[in-house]
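Bear in mind that the values in this text are calculations on the coordinates, not laboratory data. As the structure is a prediction and not an experimental result, all values here were calculated from the model. Cβ placement follows ideal geometry from the backbone for every residue including glycine, while neighbour counts extend to all protein chains displayed.
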Amino acid sequence: MVSAVFHSPLDAVASQVAAPVVSRPLAPSPAVAVAAATSAPRTRTPLDLRAFWMRVLPPFLGFGLLLLVWEIVAMKSTTGFPSPMATWQQAVTVFSDPFYSKGPNDQGVGWNVLSSLQRVALGFGLAALVGIPAGFAIGRFEFLSRMFNPLISLLRPVSPLAWLPIGLLVFKGANPAAIWTIFICSIWPMVINTAVGVQRVPSDYMNVAKVLNLSEWKILTKILFPAVLPYMLTGVRLAVGTAWLVIVAAEMLTGGVGIGFWVWDEWNNLNVANIIIAIFVIGIVGLVLEFALIKLATAFTFEEVKS
């Protein structure tokens, strides 16, 4: 049963009469608005002191704790372990002339760092030329993935220094052997990250490529490369960090000019202060490389990937 309710027209008129009439204020003229804006006092955003101190104080406390422990160890040491102040004075002496050269085995810390960076650049550059295309191929084609995945799983866990004797045997020289060691330890992160990036490209992109009948070169340059770039840059960043770690140990074993050889030579001279200086130099250079690559990756990464 359907019922209907009828209202009298008088009820509607009464409700309209009873409803309050709200009058809208007139908008001020532009001149009045500008005058009010200029006359109103400007409020400054208060400085968030808590956020400022949370950003500044913890790093200072960390370095202060390091210096405190260092000073205690130096005071308790009976073997002449240098204190922070003694190491600072030695660092001033070392960096007053970092590029002196008094023969092949006596050069400043600047030349040693540049020699190590040169070896890292050569080994890393060769690894990038081989590893990035290999990663694209392994990720793109299932046959190659099944073919090379067992080899990568077998060789990747091997310590990079285990490859150093192979390089000495094959290349008959310490410098090519060190570059070979950098190459072999840098190639795995780039291959694996690039291949994973290719395999994670959305299938819709590849379906559109099939519908448009794109060539393999178009698929690589227009679809795969932009989508895989964040993964590839992550592999590059990991590879550079690993290469800088390995070159120090490789140079300790091979000799010549380099920051690793400088550490070993100062140990033979029982100059512990220079060894500590070298440790800080290695850390600072590695931090600069990491920061530069993070900035590069951020510049070439999509916004949704950044977040």
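So here's what we get for this one:
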| item | result |
| --- | --- |
| Sorted by Cβ density within 10 Å, fewest first, the residues 54, 190, 252, 206 | 54, 206, 252, 190 |
| Cα gyration tensor shape for the stretch 54-125, rounded if a/c is under 1.5, else prolate or oblate | oblate |
| Per-selection Kirkwood Rh - the stretch 223-307 (Cα, Å, 1 d.p.) | 14.8 Å |
| Normalised contact order of the stretch 106-306, rounded percent, pairs of Cα under 8 Å and 6 or more residues apart | 28 percent |
| Overall form of the stretch 165-230 per C-alpha gyration tensor (a/c, 1.5; a/b vs b/c) | prolate |
| Alpha-carbon centroids, the stretch 106-150 and the stretch 205-239: separation in whole Å | 20 Å |
| Gyration tensor verdict on the stretch 106-306 (Cα atoms; rounded if a/c is under 1.5, prolate if a/b is larger than b/c, oblate otherwise) | prolate |
| Residue exposure sequence - 231, 205 - by fewest surrounding Cβ within 10 Å | 205, 231 |
| Neighbour-count ranking [beta-carbon atoms within 10 angstrom, fewest first] of 245, 233, 287 | 287, 245, 233 |
